[in-house]
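Accompanying notes for the structure given below.
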Amino acid sequence: MSDIHIFFIDELTVGCPADVVTFGRSADIEMDDANQYMHRIVGTFFFKDNVWWIANNSRHGQVTLIGSTGRLTRLPPEAVSALTEPTGVVRFDAGPSTYELGWTLPGQNPLMPPMVDADLGAHDATSQFGVVPLNDEQRLLLVALSERCLRDSSASAADLAPNASIAHRLGWSSKKLDRKLDYLCARLAAEGVRGLRGEKGFEAVDRRSRLVEHVISAGMVRESDIELLPG
């Protein structure tokens, strides 16, 4: 059986190998037609070479795949990846909101190695959310904090370097790093990015993880920025 079952809230969409199933603001799976920050077509499920794939059709914005084993695959704009696990979740942000789709692949071989290809075309004009201008030190801090995730799309919050290690690498005091981190989180929170305020019960590691997730997804830092870091 080569069908794909896609779940959004309480709705099921079944795709067969001849289908191309899109999701977004105005797509086969319409997720939120009132959200101006969401692309008309965020992504596409399609079948090729006996495998189901997902494409990130966004001009800006990361799509994250979370497999049933907990494995993360982060797709930057225009990237494509095979669905390597029989079940999982697609997650992405559009403005202040986070959206999820679930997939199930009955009979799919979960052991096929992942493939990513950055070669997609058409885009639509969509407002960009949660992007603020950065000075050199702010960019350096975000790149240092995000480095492991920029180098390895499967890295998680547990893989982020400790603040003390980052401060030492940049030649800063811990107080300077914490002050700049607090300022960046406050700026982005003021733009509507959730999970960056020091709320009661909210762990600092969660805030750092959310910050890294957002700045990578929004394109504020990229893999090419790693060369800015001291050796």
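The values are calculated or read from the model by the stated rules, or taken from the named source; none is laboratory data. These numbers come from a predicted model, not from an experiment. No Cβ is skipped: glycine too gets one built from the backbone with ideal geometry, and neighbour counts run over all protein chains shown.
Given the conditions (1) under 22 Å from Gly15 (Cα atoms); (2) modelled with pLDDT of 90 or more, report the number of the one that Glu85 does not fulfil. Looking at each condition in turn, Glu85 falls short on (2).
Would it be correct to say that Gly171 is modelled with pLDDT under 90, surrounded by fewer than 20 Cβ atoms within 10 Å (Cβ to Cβ), over 16 Å from the mean Cα position of the chain (by Cα) and in the same structural domain as Ala218 (by TED's automatic domain parsing)?
Criteria not met by Gly171.
For the range 152-168: of the residues being within 17 Å of Leu65 (Cα to Cα) and touching a helix residue (DSSP H, G or I) at 6+ places or on another chain (Cβ under 7 Å), which is surrounded by the fewest Cβ atoms within 10 Å (Cβ to Cβ)? If we take residues in the range 152-168 being within 17 Å of Leu65 (Cα to Cα) and touching a helix residue (DSSP H, G or I) at 6+ places or on another chain (Cβ under 7 Å), then Ala157 is surrounded by the fewest Cβ atoms within 10 Å (Cβ to Cβ).
Out of the residues in the range 66-84 that are in a strand (DSSP E or B) and not small (Gly, Ala, Ser), state the one that is surrounded by the most Cβ atoms within 10 Å (Cβ to Cβ).
Our first condition is that a residue be in a strand (DSSP E or B); within the range 66-84, this holds for 66-67, 72-75, 79-82.
Next, from what is left, pick out any that are not small (Gly, Ala, Ser): 66, 72-75, 80.
Details: Ile66: 16, Leu72: 16, Thr73: 21, Arg74: 21, Leu75: 23, Val80: 20.
So, considering only residues that are in a strand (DSSP E or B) and not small (Gly, Ala, Ser), the one surrounded by the most Cβ atoms within 10 Å (Cβ to Cβ) is Leu75.
For the range 215-231, taking the residues that are of a type in the set (Gly, Ala, Ser) and out of contact with any Pro (no Cβ under 8 Å at 6 or more places or on another chain), the one that is modelled with the highest pLDDT is identified as Ser224.
Summed over the range 36-65, the residues that are in a strand (DSSP E or B) and not polar (S, T, N, Q) give a count of 12.
For the range 185-195, a residue qualifies if it is touching a residue at least 24 places away in the same chain (Cβ under 8 Å) and under 19 Å from the mean Cα position of the chain (by Cα), and the qualifying residues are Cys185, Leu188, Glu191, Gly192, Val193, Arg194.
Identify the residue in the range 85-104 that is closer than 20 Å to Pro17 by Cβ and touching a His at 6+ places or on another chain (Cβ under 8 Å) and, among all such residues, is surrounded by the most Cβ atoms within 10 Å (Cβ to Cβ). Residue satisfying both the conditions and the ranking: Trp103.
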